[in-house]
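Let me begin by presenting the structure, written as structure tokens, before commenting on it.
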There are 2 protein chains.
Amino acid sequence: MYKTSNFSSNSLQPRMLVNRFSCTLSNQRVRIGHSTKVPRNVNMEKLQHGYLFPEIERHELLHLKKYPHANVIDLGIGDTTKPLPAIVTSSMVDFVHGLSTAEGYKGYGPEQGEKALRKAIAHKVYKDLGIKPSEVFVSDGAQCDISRLQLLMGPNLKIAVQDPSFPAYIDSSVIIGHAGKFVDRIGKYENIEYMTCGPQTDFFPDLHTTSRAQLIFFCSPNNPTGHAATRKQLQQLVDFAKVNGSIIIYDSAYSAYITDGSPKSIYEIPGAREVAIEVSSFSKFAGFTGVRLGWTVVPEELLYSNGFPVLHDFNRIVCTCFNGASNISQAGGLACLSPEGLNAVQSLVDYYMENARILVTALTSLGLTVYGGKNAPYVWVRFPGSKSWDVFAEILENTHIITIPGSGFGPGGEGYIRISAFGQRDSIIEASERLKYLLY
Amino acid sequence: MYKTSNFSSNSLQPRMLVNRFSCTLSNQRVRIGHSTKVPRNVNMEKLQHGYLFPEIERHELLHLKKYPHANVIDLGIGDTTKPLPAIVTSSMVDFVHGLSTAEGYKGYGPEQGEKALRKAIAHKVYKDLGIKPSEVFVSDGAQCDISRLQLLMGPNLKIAVQDPSFPAYIDSSVIIGHAGKFVDRIGKYENIEYMTCGPQTDFFPDLHTTSRAQLIFFCSPNNPTGHAATRKQLQQLVDFAKVNGSIIIYDSAYSAYITDGSPKSIYEIPGAREVAIEVSSFSKFAGFTGVRLGWTVVPEELLYSNGFPVLHDFNRIVCTCFNGASNISQAGGLACLSPEGLNAVQSLVDYYMENARILVTALTSLGLTVYGGKNAPYVWVRFPGSKSWDVFAEILENTHIITIPGSGFGPGGEGYIRISAFGQRDSIIEASERLKYLLY
């Protein structure tokens, strides 16, 4: 049985380490020599420390320096590990071969994405939900489109995020200027509404106590908790947005992992077309983390307060600040959405979900409280009374397993760690054994 | 001999058309139904009309509707047309094949780009200029990085642009909030410094009359004029930036086309490392317009007014708002920079420059004043006393050739049109004949 006292009070405190590093960096890097007269962007100054995932990589490198021969198992950053299906790579190979011929060469494509791909996303992903190809904007990934959506909306809006949640929502909000000051005491930005999503409320915000925000970032299945919002919860969210005049930015990057019938798209909810943008990705759905491909849906019915359609301005952003996703990646994406491709990528999803089941079983057998892993490739483990970064450090030190400290996803993640189910099966089994050995 | 009177005063005025279209769009699209309470971003409201290149495409479509059987030659948007060299495509094919194997599969790469590619750009493109791989950030194209640089710098800065210049500098400045109001009477944004670059000043700004700006966008070889700034001009620019404490954002996307020994990088100029960021691209250098790959160099010595390194914040932007260029495109980029790859892409550049020579010869033979085409794949043709959009329309109507009206690149481009030398040789020869027939 896991004991809190396993984590000595002298253990490395990476959160502090991170802060110390950043400060040192800031000070050490102030150089003597010609300085321009351009002031540093005040929004950049407000960012608290390095973006979470590169920080985790930095910890991994430090660990490898300390233990050069350690067999490190990386269950940290949710990075796909299974090869792409042959049907997908062979489509890309054909396309690339074409690029070396007069007939097959393609230059600039439409900034919004190839017509065939927009159509396939509208009809294959959204089926009978009535999404039009002209409402689909192909991107180089959800994270990039989140930034473009921030540019679209401009500064000075009040935003709300699930707490815990994917850190890009808050960090990109800070960069564009929504966030206000960071309040150390509570670990939050003053102008951001943190909607606590813990087990007490079935990982859904208590909307009765949630202030009105203009933009609501909502991720389902949630990264990191793995919770897929139920139909009833999402209807509440849509109704809440409608009453408050808010826009939901709905991140469905993990929707392919839903197994229990929860909605895979916000557009399954009546009224969503008037209040929600959906951002999604081929990264986790088809293993395109390095190939880079995603999309965003902006329904025609979504209007600013003056009645102007959001779609029109987003199209302008895409044309001006982006130049389309790689045409090779788009060829691969199109293959993923063929009947054979959909079968093939489903088998990748099934593989990772079996990994998740193995991790959940192992951790549950230790008496730990474990969430996620049923509708998402993330397992969310509670360590009551412990600090996430302490648990992260202890696990890394003693098992050579990289996880992610829950507090990296917001104060609501304190006391948890996130374990990714992406990985080769033997690593997952090995990691389960090591965790059992440490935590039993 | 070309006569101004060829262009009747009743000819289509596409500039007006564009504005009318946008207005109609704005009004027509204001819908009845639920509106959110999110105000439209005031910066988006300030954008004058559609982004130039999609607007040109729209004109092309309208023309094809009118003349469905016309053999339209597109010398408008500078889009590459030659197939990629086999060495480049075979490297990408190998990489894609690898993605379908356990050994070759790759997930997330470093946000800043693959180490080998950063190193190759530093050492093969910049040779002995002392650029470090850690100062090179691989991107999905120059246009995308221009937006990320705007995010980096934040709003409220004074910016300067060459007039005429690539419209993304101004449009992305408007979106981030630098630009202030658009003043119809002069066709300029009130807070942007337009640095006139015409033949009177050898296509270089008169820096004695240029107000101090915090950011100076400078493109050489310039798009659209085709002028490559001389070493002496660039030294003046660097000195000007240093004295004023400005940061130059130097766009060298066309540097591979320089034939007369003018600097191919701002870093050939002493002192540039303390004042300049360089943005560049594989698009025109290697035909990657659809494959999407570029890079940005941020030297360590470039410091904000408080001494903080710009590099550090740009790294944070890249990690938070971008997730790396497609790893397939990066494999292709690396192949371009091999000795064999460099030879192969040089032959593409030579081909387009021969096209440019053919166009310049034809237009010069008509007695027209022709610039560009020597260090850039753009030919910049003067039509004194005419409006660019009239010339554009007249050429399109009578020759079915798409060009770009010079005023689309800023008020300083009025009276010019830009003709792109990208295209198949036979189209270029045919276009030259049609232009001779029209304009003689």
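The values are calculated or read from the model by the stated rules, or taken from the named source; none is laboratory data. Note that the coordinates shown come from a computational prediction; the quantities given were computed from them, not determined experimentally. Virtual Cβ from ideal backbone geometry, glycine too; neighbours counted across all protein chains shown.
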Under 28 Å from residue B:90 (Cβ atoms), in contact (Cβ under 8 Å) with a residue 40 or more places away in the chain, in a loop (DSSP other than H, G, I, E, B) and not charged (D, E, K, R), is that true of residue B:367? no
Scanning region A:194-206 residue by residue, those of a type in the set (Asp, Glu) and within 13 Å of residue A:411 (Cβ to Cβ) turn out to be none
As an exercise: evaluate residue B:90 against (1) modelled with pLDDT of 95 or more; (2) touching an Asp or Glu at 6+ places or on another chain (Cβ under 9 Å) and give the number of the one condition it does not meet. (2)
From A:163, A:145, residue being within 11 Å of chain B (Cβ to nearest Cβ), of a type in the set (D, E, K, R) and within 20 Å of the chain's Cα centre (by Cα): A:145
Breaking point among (1) part of a loop (DSSP other than H, G, I, E, B); (2) modelled with pLDDT of 95 or more; (3) surrounded by fewer than 17 Cβ atoms within 10 Å (Cβ to Cβ), for residue A:208: (1)
Those residues of region B:406-440 which are touching a strand residue (DSSP E or B) at 6+ places or on another chain (Cβ under 9 Å), among the β-branched types (Val, Ile, Thr) and within 23 Å of residue B:350 (Cβ to Cβ), in sequence order: B:419, B:428
Restricting attention to region A:11-32, does a residue exist that is over 23 Å from residue B:318 (Cβ atoms), outside the structural domain of residue A:290 (by TED's automatic domain parsing), at pLDDT 50 or above and surrounded by 14 or more Cβ atoms within 10 Å (Cβ to Cβ)? no
Determine which single condition residue B:73 fails, assuming it passes every other condition in (1) surrounded by fewer than 23 Cβ atoms within 10 Å (Cβ to Cβ); (2) in the same structural domain as residue B:324 (by TED's automatic domain parsing). (2)
Mind listing just one residue for me: the one in region A:409-440 that is among the β-branched types (Val, Ile, Thr) and assigned to a helix (DSSP H, G or I) and, of those, surrounded by the most Cβ atoms within 10 Å (Cβ to Cβ)? A:428
Within region A:75-132, the count of residues that are farther than 30 Å from residue B:79 by Cα, of a type in the set (Gly, Ala, Ser) and within 7 Å of chain B (Cβ to nearest Cβ) comes to 1
Criterion: on the phi > 0 side of the Ramachandran plot and in contact (Cβ under 8 Å) with a residue 40 or more places away in the chain - qualifying residue of A:333, A:341, A:324: A:324
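Kindly provide the set of residues from region A:290-308 that are closer than 20 Å to residue A:220 by Cβ, under 21 Å from the mean Cα position of the chain (by Cα) and not small (Gly, Ala, Ser), ordered by number.
Filtering region A:290-308 down to residues closer than 20 Å to residue A:220 by Cβ leaves A:294-299, A:302.
If we keep only those that are under 21 Å from the mean Cα position of the chain (by Cα) too, we end up with A:294-298.
Residues satisfying the conditions are A:295, A:296, A:297, A:298.
Every residue, every condition in (1) surrounded by fewer than 20 Cβ atoms within 10 Å (Cβ to Cβ); (2) touching a strand residue (DSSP E or B) at 6+ places or on another chain (Cβ under 6 Å); (3) not assigned by TED's automatic domain parsing to the domain that holds residue B:220, yes or no:
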{"residue": "B:289", "(1), (2), (3)": "no, no, no"}
{"residue": "B:292", "(1), (2), (3)": "no, no, no"}
{"residue": "B:298", "(1), (2), (3)": "no, yes, no"}
{"residue": "B:302", "(1), (2), (3)": "no, no, no"}
{"residue": "B:306", "(1), (2), (3)": "yes, no, no"}
{"residue": "B:322", "(1), (2), (3)": "no, no, no"}
{"residue": "B:353", "(1), (2), (3)": "yes, no, yes"}
{"residue": "B:376", "(1), (2), (3)": "no, no, yes"}
{"residue": "B:379", "(1), (2), (3)": "no, yes, yes"}
Taking residue A:179 as meeting all but one of (1) modelled with pLDDT under 95; (2) of a type in the set (A, V, I, L, M); (3) touching a Phe, Trp or Tyr at 6+ places or on another chain (Cβ under 6 Å); (4) under 19 Å from residue A:414 (Cα atoms), write down the number of the exception. (4)
Does region B:309-323 hold any residues that are in a loop (DSSP other than H, G, I, E, B) and more than 21 Å from the chain's Cα centre (by Cα), and which are they? B:323
